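Below is one structure, written out as structure tokens; comments come after it.
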């Protein structure tokens with residue numbers, strides 16, 4: 001059964017949401033999902049682009065009042 | 001029986017907390033109302049940022065070490081007995097010796113370790129400078145380097161976020177100073193879509209790298225290294241040849257954290273403001289060990305330690321809370337052999353680096369000496 005973990009990276013500047021996502025995916029099993037909360041508008045573009053390039057699955061990307069919630073599923 | 005404060009780890013964070021508590025509670029220590037014990041893994045304290053200078057022959061190794069006992073306040077009980085089990089339900093830690101240590105308050109500052117073997121071929125094919133042995137070997141490799149392709153490869157997560165940029169710029173200058181300007185090529189790889197996780201640093205690095213002819217490969221998360229063919233391949237599908245590979249290895253927390261069921265990969269889920277372990281009211285976590293999504297750096301441990309010192313002191317003396325951690329991080333950035341800059345930020349203030357100057361470089365060199373005052377709790 002797959003798991004989902006959430007990383008609240010809002011208002012953190014270093015290493016930042018995407019580095020946290022990459023680190024979290026490394027410690028995840030295939031099929032697990034990682035949700036990243038980011039207040040960095042760049043994440044909404046960068047994370048889906050990277051997810052596609054590396055071969056993981058973008059489950060959702062939602063814009064909220066002050067942040068984005070992006071869910072990625074580990075595929076390999 | 002007095003209040004027993006147990007600190008796991010004798011690196012920067014654990015040492016600052018121990019000394020800070022001792023300075024604030026001299027009466028309690030004298031009367032026995034408070035005891036402070038540090039469980040360390042080694043009797044030697046290493047100034048880790050100094051490792052950056054070792055590959056270039058610019059640091060004497062004996063300058064990087066002090067006896068932990070000479071840094072700690074004499075009223076602190078130091079035990080070289082690394083923890084092998086942390087039982088937060090029963091407020092008890094077991095050391096490697098088999099001895100048990102009971103506590104009323106626990107501070108976990110066990111840091112991180114290199115996970116070089118988590119990527120196939122990386123350990124065999126790459127140099128690194130994040131421990132003394134690696135820094136020595138890189139120094140030897142650079143001394144015999146006469147030209148070729150260098151790949152400087154960054155992996156996540158890693159501590160000291162600016163070290164890769166510093167190493168790249170210092171390496172470029174070092175090799176130029178050796179008269180090899182036309183004989184080498186550096187390619188810098190980074191896991192995300194820019195040259196550094198800090199956006200202002202990334203923006204600053206672009207023209208700086210271009211000016212020096214340093215090539216870059218973004219979105220590069222290392223999948224494997226082939227030491228025989230001398231190639232490094234990313235999860236994204238890119239392969240780079242190299243003659244000399246220098247890696248910033250991925251990190252993970254220490255084994256006892258995972259063995260005790262306190263956190264995946266050795267990172268302990270920690271409240272970003274109170275610095276308490278999630279689910280515990282008497283366990284604090286600082287430095288690299290936390291799961292907080294901020295820089296794993298000495299300054300982070302230092303500022304977190306200051307927060308824990310104030311809160312633990314007031315909890316013991318008055319039974320009340322002092323203040324939350326504001327997320328402050330400060331980093332010097334060496335931008336060559338003779339210039340430097342700095343950056344600081346917290347949970348509410350983004351970083352804004354200033355133009356590099358020689359003055360900041362000198363201050364960084366001065367801090368390399370003043371570090372020991374920080375560890376002693378005097379700075």
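The values are calculated or read from the model by the stated rules, or taken from the named source; none is laboratory data. Model, not experiment: these values are computed from the prediction. Counting neighbours? That spans all protein chains shown, and the Cβs are built from the backbone with ideal geometry, glycine included.
Tally time: how many residues in segment B:342-361 are in contact with a helix residue (DSSP H, G or I) (Cβ under 7 Å, 6 or more places away or on another chain) and without any contact (Cβ under 8 Å) to a residue 24 or more places away in the chain?
1
Taking strands (runs of 3 or more DSSP E) that fall entirely within segment B:225-279, which contain at least 3 residues that are out of contact with any helix residue (DSSP H, G or I) (no Cβ under 9 Å at 6 or more places or on another chain) and away from chain A (no Cβ under 14 Å)? Of the strands (runs of 3 or more DSSP E) lying wholly inside segment B:225-279, those with at least 3 residues that are out of contact with any helix residue (DSSP H, G or I) (no Cβ under 9 Å at 6 or more places or on another chain) and away from chain A (no Cβ under 14 Å) span B:239-241. Within segment A:5-16, can one find any residue that is more than 9 Å from every other protein chain (Cβ to nearest Cβ) and farther than 22 Å from residue B:199 by Cα? Yes, because at least one residue in segment A:5-16 is more than 9 Å from every other protein chain (Cβ to nearest Cβ) and farther than 22 Å from residue B:199 by Cα. The set of residues in segment A:35-70 that are within 9 Å of the chain's Cα centre (by Cα) and more than 23 Å from residue A:14 (Cβ to Cβ) contains only A:58.
Can you tell which of A:57, A:27 is away from every other protein chain (no Cβ under 12 Å), without any contact (Cβ under 8 Å) to a residue 24 or more places away in the chain and farther than 22 Å from residue B:195 by Cβ?
Values: A:27 fails: away from every other protein chain (no Cβ under 12 Å).
Answer to the check: A:57.
Table: residues versus (1) at pLDDT 90 or above; (2) surrounded by fewer than 21 Cβ atoms within 10 Å (Cβ to Cβ).
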residue: A:21; (1), (2): yes, no
residue: A:30; (1), (2): yes, yes
residue: A:43; (1), (2): no, no
residue: A:52; (1), (2): yes, yes
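Taking first residues from segment B:304-321 that are modelled with pLDDT of 95 or more and partners that are surrounded by fewer than 16 Cβ atoms within 10 Å (Cβ to Cβ) and assigned to a helix (DSSP H, G or I), the Cβ contacts under 6 Å between residues at least 6 apart in sequence or on separate chains come to B:320/B:314.
Would a scan of segment B:340-351 turn up a residue that is surrounded by 20 or more Cβ atoms within 10 Å (Cβ to Cβ), within 30 Å of residue A:40 (Cα to Cα) and more than 11 Å from every other protein chain (Cβ to nearest Cβ)? There is at least one residue in segment B:340-351 that is surrounded by 20 or more Cβ atoms within 10 Å (Cβ to Cβ), within 30 Å of residue A:40 (Cα to Cα) and more than 11 Å from every other protein chain (Cβ to nearest Cβ). Of all residues in segment B:177-192, those that are surrounded by fewer than 16 Cβ atoms within 10 Å (Cβ to Cβ) and either touching a strand residue (DSSP E or B) at 6+ places or on another chain (Cβ under 9 Å) or not in a loop (DSSP other than H, G, I, E, B) (or both) total 3.
Identify, from the list B:245, B:240, B:175, the residue that is at pLDDT 95 or above and within 23 Å of residue B:113 (Cα to Cα).
Working: B:240 fails: within 23 Å of residue B:113 (Cα to Cα); B:175 fails: within 23 Å of residue B:113 (Cα to Cα).
Step by step, each of B:245, B:240, B:175 is checked, and only B:245 is at pLDDT 95 or above and within 23 Å of residue B:113 (Cα to Cα).
Against the numbered list (1) in a strand (DSSP E or B); (2) within 12 Å of another protein chain (Cβ to nearest Cβ), residue A:69 comes up short only at (2).
Flag: residue B:110 does not match the condition of being closer than 22 Å to residue B:331 by Cα, crowded, with 24+ Cβ neighbours inside 10 Å and within 14 Å of chain A (Cβ to nearest Cβ).
Checked against (1) away from every other protein chain (no Cβ under 14 Å); (2) under 25 Å from the mean Cα position of the chain (by Cα), residue B:193 passes all but condition (1). Would you be able to say whether some residue in segment B:193-212 is out of contact with any strand residue (DSSP E or B) (no Cβ under 8 Å at 6 or more places or on another chain), assigned to a loop (DSSP other than H, G, I, E, B) and more than 30 Å from residue A:41 (Cα to Cα)? Looking through segment B:193-212, none of the residues is out of contact with any strand residue (DSSP E or B) (no Cβ under 8 Å at 6 or more places or on another chain), assigned to a loop (DSSP other than H, G, I, E, B) and more than 30 Å from residue A:41 (Cα to Cα). When residue B:139 is tested against (1) touching a helix residue (DSSP H, G or I) at 6+ places or on another chain (Cβ under 6 Å); (2) modelled with pLDDT of 95 or more; (3) within 26 Å of residue B:350 (Cβ to Cβ), just one condition goes unmet, and that condition is (3). Only strands (runs of 3 or more DSSP E) whose full extent lies in segment B:1-60 are considered here, and the ones with at least 1 residues that are over 23 Å from the mean Cα position of the chain (by Cα) and surrounded by fewer than 20 Cβ atoms within 10 Å (Cβ to Cβ) are B:3-8, B:34-40. Residues in segment A:36-47 include none that are under 25 Å from residue B:329 (Cα atoms), assigned to a strand (DSSP E or B) and away from chain B (no Cβ under 13 Å).
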